[in-house]
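The structure appears right after this line, and notes come after that.
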Amino acid sequence: MVSRAGLIITSSMATKKAKIYTVSEATSLIKVALEQNLPSRLAVAGEISDWKHHSSGHCYFSLKDANGVLPCVMWKSSFNKVKFAPADGMAIIATGHIDVYPPQGKYQFYADKLEPAGVGALRLAFEQMAKKLEAEGLFDEEHKKPLSRYPMRIGIVTSRSGAALIDIADSIYNRWPCAKMFLYPSPVQGEGAAEEIAAAIRDLNRQNKELRLDVLIVGRGGGSLEDLWAFNEEVLARAIFASKIPVISAVGHEIDVTIADMAADARASTPTKAGMIAVPDMQEVLGQLEGAEIRLKTYVESRLKYAGQNLETILASSVFRNPYWLVNNALQRADEVQTRLTESAKSLLGQLRRRLAVALELIMRIEPGRLLAESKVQLNNLYNTAQAKIWNVLGKRKLQLTALENKLVVMNPKSVLSRGYSITTNKRTGKIVVKLEDVELEDVLTTELASQNFIESRVTNKQNSKQAN
Amino acid sequence: MAKGEKKDIDKLSFEEAIQDLTEIVDKIEKGDTPLQTSIEQYEKGMALIKHCRGILQAAEKKIEKVSQTGDEESKK
């Protein structure tokens with residue numbers, strides 16, 4: 001059935017004359033074919049050529065690469081959202097759709113979004129780097145070093161010839177002319193600039209024992225993202241992070257935030273604002289000094305005035321009006337006391353004399369000579385009685401003692417010494433020699449004889465008589 | 001105040017001098033120091049102010065160039 005039907009169609013087409021399409025119809029076929037086969041939206045990268053911004057506000061241009069050209073249109077409404085100014089030769093990425101333009105019999109690209117391709121890549125790199133370093137903590141607030149409040153020695157890393165150097169130096173000098181500035185020249189854009197700035201920061205840190213810099217300002221003037229790119233590179237961010245000297249970044253115009261800004265301890269939005277961030281205003285500091293001076297003076301003056309008033313009050317008292325008054329009073333009192341003392345001493349002496357006389361008289365009255373003789377006889381008697389008693393007791397004790405002594409003499413081991421025995425002691429051990437084992441060859445022996453006589457001898461031989469036999 | 005202390009003041013950095021000065025002003029204004037100490041502190045404070053002003057007056061717009069030392073690390 002199907003094949004038959006197909007045959008029928010074929011045969012009918014073959015029999016009929018080939019269909020003639022109008023231009024519009026053909027164009028419409030193409031349009032449908034395109035719509036059916038192309039993605040509804042696509043992004044195309046290429047270089048802009050023949051850029052025309054029509055007075056109507058619409059834009060007409062071509063995107064081309066080495067092998068092809070794509071005509072493009074961008075309507076006014078879409079173009080208004082483009083932030084940059086497209087121009088011939090610029091590499092961009094256009095997003096939109098392809099359609100046929102019947103009046104000219106051509107297909108063209110209807111762009112609704114344009115992005116600069118190169119910068120887009122940089123921006124992506126920037127965002128990736130920012131994310132990476134942030135995750136590592138390079139931007140953390142806790143790592144920010146405090147800036148010196150009154151920096152006297154300021155290091156500047158920038159291009160020797162750039163306007164930024166003058167801007168930075170002026171902004172510092174105008175506020176704080178007493179600071180000394182030190183320039184470490186370094187290229188600030190182009191290939192290798194980031195490495196050179198990083199090396200400068202490291203070098204200054206190395207030299208800082210001699211340089212004694214309080215702060216470092218690293219910066220350059222404004223420019224395109226490419227121009228500022230050195231300040232977005234990892235190597236510089238790490239050098240800033242590692243710097244022991246606090247770092248202030250001062251890059252470009254206010255809207256440009258760089259990775260270096262985020263890694264630095266403080267950020268000046270432009271080189272001309274570096275001074276505001278880095279140094280205090282001298283007029284303010286002088287004002288503070290003056291304030292301190294006034295406060296000190298006022299306080300000490302009032303303190304002195306108060307002390308002076310106190311002193312006057314004290315001086316006004318009667319003691320100070322007539323200082324001798326006190327002394328004279330004391331002298332008078334001393335005289336009085338002296339008189340009283342002399343008088344009482346005299347009367348006391350008289351009393352004592354009288355009592356002594358009475359006592360003497362009493363003593364003479366008791367006839368001391370007679371009393372003494374009587375006492376002597378009594379004493380003699382007592383003495384004799386006591387003597388007899390003591391002898392009696394002593395005699396008994398003596399007998400007991402002799403008996404005990406005799407017993408002891410018999411028991412004393414040394415009594416046998418008088419009969420020819422002796423006691424041998426090993427001088428080394430301090431023990432009496434009883435057995436052969438109590439001595440060793442070369443030991444010194446002490447032999448005690450009667451009447452506490454001693455002989456010392458050395459052991460030259462040890463022998464058991466039984467074994468010897 | 002000892003002479004040695006005056007000499008020390010000349011050696012102080014601006015920051016240190018300002019800090020000492022602030023402490024002295026605070027202390028002296030509390031008013032619990034004896035008169036003798038207050039006067040000593042006052043004299044020291046005045047010396048510090050003089051020292052600070054001296055530093056501030058030493059102004060000369062000059063930018064010294066730092067000579068580079070080899071940075072082998074970065075040139076690798």
When you look at the Cβ of every residue in A:173-185, what mean number of other chain Cβ atoms sits within 10 Å?
4
Give me the net charge of A:Asp227's neighbourhood, meaning all other residues with Cβ under 14 Å from the Cβ of A:Asp227; Lys, Arg count +1, Asp, Glu -1.
-3
Using only Cα atoms and rounding to the nearest 10 degrees, what angle (0 to 90) does helix A:23-37 make with the longest principal axis of chain A?
20
Sort A:446-452, A:57-63, B:31-37 by packing, meaning the average of other beta carbons within 10 Å per residue, with the highest value first.
A:57-63, A:446-452, B:31-37
From the Cα centre of segment A:144-171 to that of segment A:357-399, the distance in Å is 120
At most 11 other Cβ within 10 Å, DSSP loop - trypsin sites (Lys or Arg not before Pro), segment A:69-159
A:Lys81, A:Lys83
Across peptide A:191-199, what mean number of C-beta atoms from other chains lies inside 10 Å of a residue's C-beta?
2
Ignoring ligands, DNA and RNA, what percent of the 1.4 Å accessible area of the protein assembly as shown is carbon and sulfur?
57
What does the charge add up to near A:Phe139, with Lys and Arg as +1, Asp and Glu as -1, over the other residues with Cβ less than 14 Å from its Cβ?
-3
For the peptides B:18-29, A:166-177, what is the packing order when you average, over each peptide's residues, the other Cβ atoms within 10 Å and list the highest mean first?
A:166-177, B:18-29
Between A:Val69 and A:Leu38, with labels modelled 7 Å along Cα→Cβ, what's the label distance in nm to one decimal, could you check?
1.7
Mean accessible area per residue over segment A:129-280 (1.4 angstrom probe, all protein chains present, square angstrom) is 41
Would you please give the FRET efficiency between A:Ser375 and A:Leu348, computed as 1/(1 + (r/R0)^6) with r the Cβ-Cβ distance and R0 = 41 Å, to the nearest 0.05?
0.65
Determine the shape class of the protein assembly as shown: with a ≥ b ≥ c the square roots of the Cα gyration tensor eigenvalues, call it rounded for a/c under 1.5, and otherwise prolate if a/b is greater than b/c, oblate otherwise.
oblate
Accessible surface of A:Ser317 - all protein chains present, 1.4 Å probe, nearest 10 Å²
50
Using θ = phi - 60° and the Karplus curve 6.51 cos²θ - 1.76 cosθ + 1.60, what whole-Hz ³J(HN,Hα) does each residue of segment A:59-75 get, with Gly and Pro shown as x?
10, 10, 7, 10, 10, 9, 9, 4, 10, x, 10, 10, x, 10, 10, 9, 6
Go through A:Ile277, A:Ile197 and list them by solvent-accessible area, largest first, probe radius 1.4 Å.
A:Ile277, A:Ile197
Placing unit charges on C-beta atoms (Lys and Arg positive, Asp and Glu negative, everything else neutral), compute the dipole magnitude of segment A:417-468 about its Cα centre in debye, rounded to 20.
160
So which residues of segment A:270-313 lose at least 50 Å² of accessible area, probe 1.4 Å, when you go from the chain by itself to every protein chain present?
A:Leu289, A:Glu293, A:Arg295, A:Leu296, A:Tyr299, A:Val300, A:Arg303
List the aspartates and glutamates whose Cα lies under 15 Å from the Cα of A:Lys244, skipping any in the same chain that are fewer than 8 positions away.
A:Glu142, A:Asp203, A:Glu210, A:Asp214, A:Asp265
Linear extension gain, A:Thr339 paired with A:Leu362, 0.36 nm per residue minus alpha-carbon span
4.7 nm
Interchain or sequence-distant (5+) residues whose placed amide H lies within less than 5 Å of the amide H of A:Asp443 are A:Val459
Rounded to the nearest 10 Å², the accessible area of A:Phe241 at probe 1.4 Å:
70
Beyond 32 Å between alpha-carbons counts as too far, so tell me which of A:Lys144/A:Lys180; A:Lys19/A:Lys76; A:Lys31/A:Lys81; A:Lys132/A:Lys273; A:Lys83/A:Lys145 fall in that bin.
A:Lys19/A:Lys76; A:Lys83/A:Lys145
In degrees between 0 and 90, to the nearest 10, how far off the longest principal axis of chain A does helix A:282-316 point, with axes built from Cα atoms?
30
Chymotrypsin sites (Phe, Trp or Tyr not before Pro) restricted to segment A:73-154 and DSSP loop, no more than 13 other C-beta within 10 Å:
A:Phe84
Find the sum over both chains of the accessible area lost when B and A are paired, probe 1.4 Å, and report it in Å² to the nearest 100.
3600
Are there residues in segment A:140-171 whose accessible area shrinks by at least 50 Å² when all protein chains are included rather than the chain by itself, and which are they (probe 1.4 Å, ligands and nucleic acids not counted)?
A:Tyr150
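The values are calculated or read from the model by the stated rules, or taken from the named source; none is laboratory data. Just so we're clear, the structure is a prediction, and the values are computed from it rather than from any experiment. Glycine gets a Cβ as well: all are built from the backbone with ideal geometry, and neighbour counts include every protein chain shown. To get the accessible areas, we keep the full protein, side chains included, count just its heavy atoms, and leave off ligands, DNA and RNA. Shrake-Rupley method; radii C 1.70, N 1.55, O 1.52, S 1.80 Å.
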